[in-house]
1. Looking only at segment 411-443, which residues are in a helix (DSSP H, G or I), surrounded by fewer than 16 Cβ atoms within 10 Å (Cβ to Cβ) and polar (S, T, N, Q)?
2. Regarding segment 293-306, can at least one residue be identified that is under 30 Å from P188 (Cβ atoms) and either crowded, with 18+ Cβ neighbours inside 10 Å or at pLDDT 95 or above (or both)?
3. Which number in (1) among the polar types (S, T, N, Q); (2) under 21 Å from D459 (Cα atoms); (3) crowded, with 17+ Cβ neighbours inside 10 Å marks the one condition that Q219 misses?
4. Can you spot a residue in segment 208-223 that is touching a residue at least 40 places away in the same chain (Cβ under 8 Å), in contact with a Gly (Cβ under 6 Å, 6 or more places away or on another chain) and not assigned by TED's automatic domain parsing to the domain that holds N397?
5. Kindly indicate whether any position in segment 184-198 is hydrophobic (A, V, I, L, M, F, W, C) and within 30 Å of I505 (Cβ to Cβ).
6. If Y320 meets every condition in (1) within 28 Å of S71 (Cβ to Cβ); (2) out of contact with any helix residue (DSSP H, G or I) (no Cβ under 9 Å at 6 or more places or on another chain) apart from one, which number is that one?
7. Tally time: how many residues in segment 118-144 are in contact with a strand residue (DSSP E or B) (Cβ under 6 Å, 6 or more places away or on another chain) and part of a helix (DSSP H, G or I)?
8. Based on this model, can you work out whether E442 counts as free of Cβ contacts under 8 Å to residues at least 12 places away in the same chain, more than 21 Å from P75 (Cα to Cα) and out of contact with any Gly (no Cβ under 7 Å at 6 or more places or on another chain)?
Amino acid sequence: MARAVPGQPVKVRLTREEEFFCSFVRQGLIAKTKVGAKADGEILAMKTNYYWDAGAYTEYGVNITRASGYSSTGPYRIPNVETDSYCVYTNHPVGGPMRGFGMPEIHWGIEQIMDIVADELGMDKVEFRLKNCLRSGDANVTGMIMHPIGLTECIEKVKQAIDWGIQEAPSAAHKLRGKGLAIAWKAPAMPPNAGSSAWLRLNEDATVSLGVGGQELGQGTFTVAAQMAAAALGVPFEWIRISAPVDTKYSPYEWQTVASRLTWSMGNAVVAAAKDARRQILEIVAAHWDEDLEHLDIRDGQVISYRTEEVMPLENMVVYGLPMPDDQGWRGGPIIGHGKFMPSYVTSLSNETGQGKRAVVHYTTGCQAVDLEVDTQTGQITILRVASAFDVGKAINPDQVRVQMEGGIVQGISTALFESLKYEDGVPHASNFTDYRIATSEDMPGEIISIIVEVPQDDGPWGARGVGEHPMIPTAPAIANAVYDAVGIRIFEMPLTAEKVFLAIQDQGAKP
C-alpha cells in the first residue's frame, strides 16, 4: 500500500488470474424491450427496462447506466418512449467503462429487435431503417434537436458496399450464407463542464512545442493534435513537437482521455492556442511593416503580405522579436499561445421527464453490415467481409479513422463470437487467455471496407467529431442479424460460439 511508504512511487503488479478477479469488466446487461410500429413501417413507441450488472461496487457503472438510458432508442426517431435503466449490485467483479460505454450492449438488443419488427412487417431491413432513422433536425429521445448528421448516407453506402439484396452462394454445400446490418450512435458521456486546455510555444528555429493534457494511448491523439496545431498556426506539420510525456505537474489540464472526445474537445483547445500564437505574431509583424492585419497571413512558416507580397520567416523573430525604427528598441518577445475549451451549452436532463435541450454535445452515427457463412455441421461462423461507414464530421487524419474502424470491427467480432466471463459459485472460471478466448488473426474477415462520411459538426475543429469507440458498437448485432439471415435462428445471448450455434441448429433446424 502507498501508506506503507509515504512519498514514494508505488506500482501494483497483478498476476493474470488476479487481473480477471480484480480489474474492471464490461457490465452484464439484461434488456427487456417492446416496440410498436404501424403497418407502413413507422415506429410509434418503445418501452425498455435495462438491468446492469454493476458487480460488488458501483464505481463508474452507474454512469454507464445513465448513458444507456438517454441513448436507449438507438439512432431512431420514436415519438413515444419509456425507459428505466437500473444499476444492480451483484457478487460479480466490478463493472466499469469499456470501449463503447454501454452502447455495444444496448445496440445488441435494439438492432436485433428492429430486424424482427421489419420481418413482421414484411419490410427490407435497410428500407425500414432509412424510414425510421434520425435525421438532421429531428428530436431524439431526450428532446434534443439533432445536429447535422449523415446517418442515411452511411446506410446507403454500406448497402452498396455489401451488395445488399444479392444472395451469394456459400463456399460449401453444408454452409449457409447470410448478410446482416446494424446502425448505431454514441455521444461522449461526460459532465457538462468537462474542459480541455493547451499551450503552444515557438522556439528560436520556429519549431513548435505543443503542450496537451490528453494521453496518447495508441489512438493517434498526438498526431491529430500536431496536425491541427500546424494547420491553425500556418507551419509545416513536421515542425510540431508534442511536449511529452504528459504529466499533471506541467502539462495543461485535460478532463480525461475517454469518451472519444479528444479530437473534438482537446482539438478545440489546440486550435485556440495556435490562433492565439498566430495573432501575436501577426500583430508584431503588422506593426513592423506598418501593415493592416487583414493583409497578412502565415503560410509554410512564413508571414506573407497579400498586398505587398513581402515575406518574413518565423525563425528567430518568434523569440527575439523585431527591431523598431531608428534603433528605438525591439517589439515582440517569446511567443506562447494559450487555448481552452468547455462545452458550456450542455444542459442537464429533467429528473421527471428525462428531457433536456442539449443533454450531450453531439452524437457520432454510423452503420455496419456483415457478410458471413455458418457451417451447419459445426456451428462455426466465418466472417467473409464487413462494410463500415461512420459520419466523423471531418476526418482530420483519414488513415487513422479507417484504422479505428478496422480495430473496432476486430474487437466487436471478438466480443460477438468468443469472449465470455463464466462463474462457478461466484468465482470467474476463465482466468487466463486459454479459457478466455479472444479473436486472433485467424478469425478476421477476409475483407474490411471502411467508408468515411463527413457532415461537419457545429462545434468541432474543422467540423470533426470522435470515432474512437463507435466502430465496435454495431458489429455484434450485425453478426447476429447475418446469422439469422443465414440459418433462421435468433440467439439473444453473446457470445455466438460454434457450440451454441450448432446446438441451436440441432434443436430448431436451419431455415435459410
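The values are calculated or read from the model by the stated rules, or taken from the named source; none is laboratory data. No experiment lies behind these values; they were computed from the predicted model shown. A quick note on method: Cβ atoms are made from the backbone with ideal geometry, for glycine too, and the neighbour counts reach across all protein chains shown.
1. Within segment 411-443, just S441 meets the criteria.
2. no
3. Every listed condition holds for Q219 apart from (2).
4. Yes, segment 208-223 contains a residue that is touching a residue at least 40 places away in the same chain (Cβ under 8 Å), in contact with a Gly (Cβ under 6 Å, 6 or more places away or on another chain) and not assigned by TED's automatic domain parsing to the domain that holds N397.
5. Scanning segment 184-198, I find at least one residue that is hydrophobic (A, V, I, L, M, F, W, C) and within 30 Å of I505 (Cβ to Cβ), so the answer is yes.
6. (1)
7. 2
8. yes
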